[in-house]
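So the structure is just underneath, and the comments pick up after that.
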Amino acid sequence: MRGLLLFLCGFAIAAAQPRPIEWPAQNMETRPWAYWWWMGSAVDKENLTREMQRYRDAGMGGVHIIPIYGAKGYEPRFIEYLSPKWMEMLGHAVKEGERLGLGVDMTTGSGWCFGGPNVTERDACAAVAVNRFDVAAGGRVEARFDRSSTQALAAFSSNGEKVDLTGRIGADGRVDWTAGEGSWQVYAVSQSLCRTPVKRAAPGGAGPMLNPFSGEAMRHYLERFTRAFSGPAAAKPRAMYHDSFEYQANWSPALFDEFERRRGYKLQLELPALFGEETADRAARVKSDYRETLSDLMIEEFIPAWTGWCRLRGIRTRNQAHGSPGNLLDLYAAADIPETEMFHADRSTIVSKMASSAAHVAGRRLVASETGTWLKEHFNETLADLKDLADQLFTAGVNHIVYHGTCYSPDDAPWPGWLFYASTQMNPRNPFWRDVPALNAYVSRVQSVLQSGRPANDVLLYWPIYDLWHDAKGRNINLTVHRREWLEQQPVGSAAQRLLKRGYRFDFVSDRQLAAAQARGGQVVMPGGNYRVIAAPACERMPLATLEKLNELAGAGAAVVFESGLPKDVPGLNRLEERRARLKTLLGLLQPRVRTGSFETTLPAAGAQREPLADVPGLEFIRRDSGNGHWYFISNRGAEAKAFDAWVPLAVRASSAAIMDPMTGRAGVGQLRRGKDGGTEVRLALEPGESVVLQTSAGGKFNGPQWQYWQASGRPVGVAGTWQVTAVEGGPELPGGFETAELGSWAGRGGAWENFGGTARYSITFDGGGAAAGAVWIDLGQVRESARVRLNGEDLGTVFMAPYRVKAEGLRRSGNRLEVEVTNLAANRIRDLDRRKVVWRNFYDINLVNINYKPFDASGWPVRDSGLLGPVSMIPIRADPGR
């Protein structure tokens, strides 16, 4: 007992010790990565080294190699995929990455999806082919069939009789069968190759796509990689990557056998329900079983064959599950690094939470996202746009940004170099690259926090996928990031949106994942962490195994709630009445152990904590458990975002809170108080678009400077005088300098300035006057698009989003020297190329298209404002000591 008391006393003393305010350690995985397309794999060691050095200098953490089609005119440089020469280039990239502190991933293939020249017809992506014949009583099937390709032949009468004719096909293709009484329909089932080969394939990578419902096909496919990576000196990437599902497949050679083994009955004898025009419950049940079988084949056969091959070689895996007809939660969780994406305007937080939920529940540390795909039209994306996208992804649970992306381009390729058609051009040739280090530093700080500790979500939100699958229309249901009815128009999607809006932190959970749940101390224990409650939204059908698990958990003390009552039925067809009888028994056992009713009442009664931060319009956030407190990432974004300075309540109790600015790295002890209900409130001040990290301490105070809540203390004073403007870097040429007392777009000057893409320095000498007495904001007004600010030789920082301002102290009464280096976008320079009809889009395959997938032409673009538009002013500020 004495030892225990000493331990507890020591723990309490340690918890009460002052805590330093520190950002978590940063490394190559906290820094952002980028897709790195190798066009034609026309790479060489010198240019690889140069490019990787530039990436590292800009604050990137890694690259993801994807070989694709090549640039015209460079054919002699093309390298065949996985050839000894290609493997030598991969080895060089991996070795240089180790030297520079850059990670290297690669796609297990070229372009997308998996496939290539070694994929046989049996292993290729397949779609079902169905022919139907009407046969009268006493008639015969006149058509002839190939026994080797006909997977099923079955006859169905109007009076319900079923006959499997597959074994009655003779050597001559005739069917040994005469129709009995009634009218008959005969279904012949085979498969055809999908018409889409590997997209954007590299030299040596072209061929059919792989069948995603066949583990055997995957094992055959990987034999090529086994040979390439078998040498003792073969380089190993950090991770292999599988792109989103674009296979257009719905069948496999073994599907009938796999269906019978998994579902317990012959699909061959339910062909009218699967392929006919039935809309009855039976058709929905057969199709549900069919969809579940496709999902199982991906989860249990296809993906494990790939992840197993990788893990055997010490290589991690990144998987984009979206787009597939399978259970996304299980498919994401099958990889070491689940990866989501947001595509142009297709940006859904709850869809991205599918990937982060899978990671949280399964205990995966990293959640990646393809970031920047078709963000805007080419060369019109800004660093502020990328930050806003990253912030949305962060609040969805992403903590591993992978820019989409950058193209390898040799230094001898004319500007703008080699480019990929669907990406934000995140490369050193884009003018905004000059200030990309500021964005990357921001991302790295945020991700250092979001990769620390563990998730702190209270609720496991059950995904009733069987209700989605129970649909008599169509066949496979592909769950894409583009058409999101599968989630957003389902009760679970509505529930998820309501939970977010009300401040309940949750992770989605699948039936398969729930099977691993345990109840301990009133909590639900999953491999990735503990939850307070399992919440089931409106759900018509639930598998018996899931209900039995929920009954077990509830019986062991775990909180389980149902929003719209208990399920009314079971999914699927086999042994239906037997399973319904078991359902009735289970519901009787479960009813007294669970809560039913609106989540608004059942969740707090079950112990889930609502986060009041959600009540502040515009605030989006994510919370993590740090062990002795919590991390919050809070972003003031969206249409409702407004500038605010207010006390905001937290769901967690805290004795101290540190406020940390991921844009600048600045940190300090924030103002804290007890609210009326005894909870913790912290003072936050955020501009629209601004984000902050909050670290709370459950025991002990943070030791450090006080966080400064700066407020304007006087009227703005204009910075008057003559500006000297000098082009610093960029092209197509450096325009001559000029002087001006009136700030405006440099592009409006015409001539070389109209076409200029790059950086210009604005310099002015001015008097501080009365503002010299204290701190000021140097407010730049409007900036197009980013700026580095220097005052009297001191760097004050880089700004790339409104409000474009920096804090300055120590102004002189006279003779202050302000230098603002402003970088614009490449849009005007690209416009000039197209107006002069310079051939720069010169790539094979799709070449380079616009955002609507039409031929790209910037010649008709309006001239885009560029430079320092102002007005530039000094705003006296003071630190508010508290409220």
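Structure notes:
- Candidates are the residues of region 490-538 that are of a type outside the set (Gly, Ala, Ser), closer than 20 Å to residue 565 by Cα and out of contact with any strand residue (DSSP E or B) (no Cβ under 9 Å at 6 or more places or on another chain); the one that is most open to solvent (accessible area, probe 1.4 Å) is 497.
- Members of region 57-73 that are over 28 Å from residue 207 (Cβ atoms) and of a type in the set (A, V, I, L, M): 58, 60
- When residues of region 540-564 are limited to those that are over 21 Å from residue 516 (Cα atoms) and modelled with pLDDT of 95 or more, the one surrounded by the most Cβ atoms within 10 Å (Cβ to Cβ): 563
- Any hit, region 825-839, residues being part of a strand (DSSP E or B) and either in contact with a Lys or Arg (Cβ under 9 Å, 6 or more places away or on another chain) or open to solvent by 20 Å² or more (accessible area, probe 1.4 Å) (or both): no
- The residues listed here are 608, 614, 581; of these, the one that is modelled with pLDDT of 95 or more and farther than 30 Å from residue 684 by Cβ is 581.
- Among the residues of region 334-366, those that are at pLDDT 95 or above, among the aliphatic types (A, V, I, L, M) and either part of a loop (DSSP other than H, G, I, E, B) or buried (at least 23 other Cβ atoms within 10 Å of the Cβ) (or both) comprise 334, 335, 337, 342, 351, 354, 355, 358, 359, 361, 366.
- Take the conditions (1) surrounded by fewer than 20 Cβ atoms within 10 Å (Cβ to Cβ); (2) outside any strand (DSSP E or B); (3) not basic (Lys, Arg); residue 811 misses just one of them, which is (1).
- Residue in region 790-806 that is open to solvent by less than 40 Å² (accessible area, probe 1.4 Å), among the polar types (S, T, N, Q) and either free of Cβ contacts under 8 Å to residues at least 12 places away in the same chain or not in a strand (DSSP E or B) (or both) present: no
- Qualifying residue in region 435-454 (condition: open to solvent by 10 Å² or more (accessible area, probe 1.4 Å), closer than 30 Å to residue 858 by Cα and either of a type in the set (Gly, Ala, Ser) or at pLDDT 95 or above (or both)): yes
- Among residues of region 599-632, those that are open to solvent by 60 Å² or more (accessible area, probe 1.4 Å) and polar (S, T, N, Q), counted: 2
- For region 424-474, the set of residues classified as more than 30 Å from residue 295 (Cα to Cα), within 22 Å of the chain's Cα centre (by Cα) and among the aromatic types (Phe, Trp, Tyr) consists of 442 only.
- Filter pass, residue 311 being under 30 Å from residue 399 (Cβ atoms), of a type in the set (Lys, Arg) and at pLDDT 95 or above: yes
- Identity of the residue in region 849-883, free of Cβ contacts under 8 Å to residues at least 60 places away in the same chain and touching a strand residue (DSSP E or B) at 6+ places or on another chain (Cβ under 9 Å), that ends up nearest to residue 758 (Cα to Cα): 855
- Applying the criterion of being under 21 Å from residue 229 (Cβ atoms) and basic (Lys, Arg) to the residues of region 61-98, the residue that is least open to solvent (accessible area, probe 1.4 Å) is 85.
- Filter result (in a strand (DSSP E or B) and open to solvent by 60 Å² or more (accessible area, probe 1.4 Å)) within region 100-132: 131, 132
- Residue count for region 746-789, restricted to those that are part of a strand (DSSP E or B) and either open to solvent by 20 Å² or more (accessible area, probe 1.4 Å) or modelled with pLDDT under 95 (or both): 8
- Residue 582 vs. criteria farther than 16 Å from residue 462 by Cα and open to solvent by 20 Å² or more (accessible area, probe 1.4 Å): yes
The values are calculated or read from the model by the stated rules, or taken from the named source; none is laboratory data. From a predicted model like this one, the values you see are computed outputs, not experimental measurements. Heads up, the Cβs are rebuilt from the backbone with ideal geometry, glycines too, and the neighbour counts pull from every protein chain shown. Just so you know, the surface numbers come from the protein's heavy atoms only, side chains and all, with ligands and any DNA or RNA stripped out. Shrake-Rupley method; radii C 1.70, N 1.55, O 1.52, S 1.80 Å.
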